[in-house]
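Let me begin by presenting the structure, written as structure tokens, before commenting on it.
The values are calculated or read from the model by the stated rules, or taken from the named source; none is laboratory data. Computed from a prediction, not measured in an experiment: that's the story for all the values here. Note: ideal-geometry Cβ built from the backbone for every residue, glycine included; neighbour counts use all protein chains shown. Side chains included, ligands, DNA and RNA excluded: accessible areas come from the protein's heavy atoms. Shrake-Rupley method; radii C 1.70, N 1.55, O 1.52, S 1.80 Å.
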2 protein chains.
Amino acid sequence: MDDSGPLGDIVISCRIRLARNIAGFQFFSHADAEQQAEVLSFIRDKVMAGELKKDLWYIDMSEISALEREMLTERHVISKQLAQSHGARAVALSHDESLAMMINEEDHLRLQVLASGLQLRENYVRINRVDTLLEGSLEFAFSPDYGYLTACPTNVGTGIRVSVMLHLPALKLLGQIDKVFRAAKDMHLAIRGLYGEGTEPAGDLYQLSNQITLGKTEEQIIDEFIRRTVEPVVEYERLARKKLLKDRFTVLSDKIYRAMGLLGHARMISSEEAMHLLSFVRLGINLELIKNIRLRDVNDIFLLTQPAHLQALSGKSLDAGARDEARAEFIRDRLSRN
Amino acid sequence: MDDSGPLGDIVISCRIRLARNIAGFQFFSHADAEQQAEVLSFIRDKVMAGELKKDLWYIDMSEISALEREMLTERHVISKQLAQSHGARAVALSHDESLAMMINEEDHLRLQVLASGLQLRENYVRINRVDTLLEGSLEFAFSPDYGYLTACPTNVGTGIRVSVMLHLPALKLLGQIDKVFRAAKDMHLAIRGLYGEGTEPAGDLYQLSNQITLGKTEEQIIDEFIRRTVEPVVEYERLARKKLLKDRFTVLSDKIYRAMGLLGHARMISSEEAMHLLSFVRLGINLELIKNIRLRDVNDIFLLTQPAHLQALSGKSLDAGARDEARAEFIRDRLSRN
């Protein structure tokens, strides 16, 4: 989320995920506890070996605290589902967190590669290499007719999910975000909030992802997703920003500077309000209206003021009220350093 | 409104007004234009003479612009009614604006003395002296049975209206302002907004005034108003402030500092929002949470960002949108000087 990638003013991050299952084992949801543990140990031994092993950090979900699981969710390294579930589950994570392999989430194995900006093609090269390496030691459930077999039929085929996190404050301000929703629906894409399925958009961040995994190659899916979805929406948001700068400059700058004023002065602030205000600050920096704050600070605040990170920073468990105070203090401190 | 008077942390200002009519002339509403002009010229000659004259500035309403009339209203020197009406009307005003005599408002003559803080007894001494001086040259309509005769029967008798402008943000925050309203009603007092009859409260400012003008002496009315109304409400607001400081310090300081943040950063701000935010800043200064802003600045902003003053400062007519921008700029500038 450091906005340094291509189209980073609008495409915050991109992700490719592959769903895989091991041939000869029951799907996770059909397996008993013993079988689940067996799959976990089987995959772990293959993943934490050879070339892959040296950059990976293996985390057994049963050995970490609820707070740590929540922190991994806030970092988009594991899914909410994995964080909140029990049993024989794990994640193997590269040190920079750009590669994550969840074991025993919905499928036996879910590979994900995250990058900042629009780097889906690069992500695919990388995830394909990891997938190929793993295929050297793991036999994936595969049908010549359908492709990779997955726990949920919506993933069958390539097992690929391609997604981008887009920052669309100008379309939101102009009341045009519904058009993006309609276009996404027409193109069989899912549009979601910050933390994936079932979450509400916050901070004007929208996660767009493909729904169709069958009947096309991975390269076709990625290429169409970029050309037909990401690039047009980016262009649309850019036009909206230009329109706001030209026609509604005062309204726009009022919102941006008010957000700065509130973040710099509040004594209590909810996570939702902080995200909402940080969205305007991010826009202000991208439009060069705010010059004394770096995107790096916005991103740090964004990540570190989420509930679990905030409690980890404070070194203690905080109730919602205490978190709102700690969050406000952290934000004031970070913004006043500039 | 400089908060320098007694109980100035809560009693912003106090006012005594006397309603008088000249014997032998029709009440204003029953007079034709010629008779109205005759009364005006008759009173002007008496007022602008002798001891009173040297400190007075005579303003003929028909000779000033709509903007100037509005400015006088914003300064609480004339009523909205006088500002918005036409015909033979005037105000004679002391140079510090603490004494004003409206000619041909509802009554032939309305004297008012304004002071900061709670100085009603001092105000009465002063207005009584002016009243006595005028009685040397003007014969007021007076009935031995009813006292001074006035255009509206609610003013008959003493013709006195005693009022205070109270700043009650803590009672408002605690949701206890309704109790003040109920108590005021029980005691036959009127409670109104910043600009008198028919206006909504803004900036947590409430104007309390007596309704009964008959059957008591002026001194009794004033004494009861102070002891039975002003002092208890002041005490009540002080208790509310203590309670907030003790039990809800974070909520309170959050509101106060957010107000500072918004006033210091907004690019557009309505008059209503500015008053609302300045109310918190005033409270913050009185509670010593804000130390780098003076009450004088708050009062200046309060007065000078009202629509007419703002246009006078800008040297041009501004529509509502342009006023909101000019207001925000003025406030940012004034606050950043500290």
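A few comments on the model shown:
- Cα principal axis extents for the protein assembly as shown, largest first, Å: 114, 47, 39
- Mean accessible surface per residue for segment A:249-336, computed with a 1.4 Å probe while every protein chain stays in place, in Å²: 40 Å²
- Neighbouring Cβ atoms from other chains, within 10 Å of the Cβ of residues in B:322-332, number 1 on average.
- Burial here means at least 30 square angstrom less accessible surface with every protein chain in place than with the chain by itself, probed at 1.4 Å; in segment B:266-310 the buried residues are B:Arg267, B:Met268.
- The label-point distance for A:Lys185 and B:Lys243, in a model that sets each label 7 Å from Cα toward Cβ, rounds to 5.0 nm.
- Cα gyration tensor shape of chain A, rounded if a/c is under 1.5, else prolate or oblate by comparing a/b with b/c: oblate
- Backbone N within segment A:141-165 under 13 Å of label point (7 Å from A:Ala23 Cα along the Cβ vector): A:141-145, A:147-149
- With every protein chain in place, chain A: carbon and sulfur % of accessible area (1.4 Å): 50 percent
- Dipole of chain B [Lys/Arg +1, Asp/Glu -1 at C-beta], most positive-end residue of B:Leu287, B:Ser94, B:Gly8: B:Leu287
- Cβ-based charge dipole, the protein assembly as shown, positive-most Cα from B:Leu166, B:Thr250, B:Gln81: B:Thr250
- The contact between chain B and chain A removes approximately 1500 Å² from the accessible area (both sides summed; 1.4 Å probe; ligands, DNA and RNA excluded).
- Centroid-to-centroid separation of segment A:254-287 and segment A:62-132 [C-alpha atoms, Å]: 30 Å
- If you take the Cα centroid of segment A:9-61 and the Cα centroid of segment B:133-164, the two points sit 92 Å apart.
- Magnitude of the charge dipole, segment B:113-242, Cβ model with Lys/Arg +1 and Asp/Glu -1, debye to 20: 540 debye
- Note on segment A:45-156: Cα-only Rg and Dmax are 14.3, 43 Å.
- Stokes-Einstein diffusion of segment A:119-216 at 25 °C, 0.890 mPa s viscosity, Kirkwood radius from Cα pairs, rounded to a whole number: 159 µm²/s.
- Exposure ranking of A:Tyr148, B:Tyr146 by accessible area [1.4 Å probe, largest first]: B:Tyr146, A:Tyr148
- Model label points for A:Asp300 and B:Lys291, set 7 angstrom from Cα along the Cα-to-Cβ axis, are 2.8 nm apart.
- Cα centre as origin, Lys/Arg/Asp/Glu Cβ charges: chain B dipole, Debye: 1320 debye
- Whole-number accessible area per residue in Å² for segment B:11-216, which is evaluated in the context of all protein chains at 1.4 Å: 44 Å²
- Relative contact order, whole percent, for chain A stands at 18, derived from Cα pairs under 8 Å and 6 or more residues apart.
- Here the dipole of the protein assembly as shown is about 700 debye; that uses its Cα centre as origin and unit charges on the Cβ of Lys and Arg (positive) and Asp and Glu (negative).
- Distance between the 7 Å Cα→Cβ label points at B:Ser41 and A:Phe142: 11.0 nm.
- Gain on full stretching of the segment that runs from B:Ala320 to B:Lys80 - 0.36 nm per residue minus C-alpha separation: 84.5 nm
- Residues losing 40 Å² or more accessible surface upon assembly, segment A:225-262, compared with the chain by itself, 1.4 Å: A:Thr250, A:Asp254, A:Tyr257, A:Arg258, A:Leu262
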